[in-house]
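Just so it is clear, none of the values below were taken in a lab; they were calculated from the coordinates. Computed from a predicted structure; not experimentally measured. No Cβ is skipped: glycine too gets one built from the backbone with ideal geometry, and neighbour counts run over all protein chains shown.
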Amino acid sequence: MSRIGKRPIDLPSGVTASVSGQTVEVKGPKGTRNFTATDDVTIKVDDNVISINPRGLSKRSRQQWGMSRTQIQNLVTGVTDGFKKELEINGVGYRAQMAGNVLKLNLGLSHEVNFEVPEGVTVTAPKPTEIVVEGINEQLVGQVAANIREWRKPEPYKGKGIKYKDEYIFRKEGKKK
């Protein structure tokens, strides 16, 4: 039995959910999101509570049970609070700034990196060494943050590069004479 799948999802005030077939649509103050579940699970909405149950005892239906519950919980969290990833830039002369819908990064390369921000995500640079990625889609927020980090991953000797705010960089000792 899935420990995650058993737990019902409570809808906070201001959030509505509707089920049509296997598609769940959640509307909240930050927007609207939907998720289409597989035929292995049954989804019900009763009195601001969403419950997910497997349609059988097969291995696939038990796998989809917990995953579907987590996906629907992420929809609810996204339309109420949203998701946020914070990045830090470490290095002399490394900085970031927003210019319209483009994030301009100076990362010690021979050129300035212009990163186009996709739809559905908000990127801000409150300080030249901080980047904040926000949105209602957890997967898209994480992917955009990973794409920004990809330009200059933190290196283990001096720690220079772009890292997540809560990330620990394992530091190495340099050469000895």
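Which of the residues belonging to the stretch 55-79 are part of a helix (DSSP H, G or I) and among the hydroxyl-bearing types (S, T, Y)? Before you say what the answer is, go through the steps one by one.
Residues of the stretch 55-79 part of a helix (DSSP H, G or I): 59-79.
Hits for the stretch 55-79 are S61, S68, T70, T77.
Select, from V121, V102, V117, the only residue that is under 22 Å from the mean Cα position of the chain (by Cα) and within 30 Å of I9 (Cβ to Cβ).
V121
Among the residues of the stretch 101-110, is there at least one that is small (G, A, S), out of contact with any Pro (no Cβ under 6 Å at 6 or more places or on another chain) and either within 30 Å of V26 (Cα to Cα) or surrounded by 19 or more Cβ atoms within 10 Å (Cβ to Cβ) (or both)?
no
Can you name the residue in the stretch 120-160 that is touching a Leu at 6+ places or on another chain (Cβ under 8 Å) and in a strand (DSSP E or B) and, of all such residues, is farthest from Y94 (Cα to Cα)?
V121
Restricting to the stretch 111-121, give me the number of residues that are under 15 Å from L140 (Cβ atoms) and either surrounded by 14 or more Cβ atoms within 10 Å (Cβ to Cβ) or of a type in the set (A, V, I, L, M, F, W, C) (or both).
3
So in the stretch 48-99, with the set limited to residues that are closer than 19 Å to N34 by Cα and charged (D, E, K, R), which one is farthest from the chain's Cα centre (by Cα)?
Restricting to residues being closer than 19 Å to N34 by Cα and charged (D, E, K, R), the top hit is R69.
Does the stretch 80-98 hold any residues that are in contact with a Gly (Cβ under 7 Å, 6 or more places away or on another chain) and part of a loop (DSSP other than H, G, I, E, B), and which are they?
G82, G91, G93, Y94
From the residues in the stretch 1-42 that are of a type in the set (A, V, I, L, M) and assigned to a strand (DSSP E or B), which one is farthest from D81 (Cα to Cα)?
Looking at residues that are of a type in the set (A, V, I, L, M) and assigned to a strand (DSSP E or B), I get V41.
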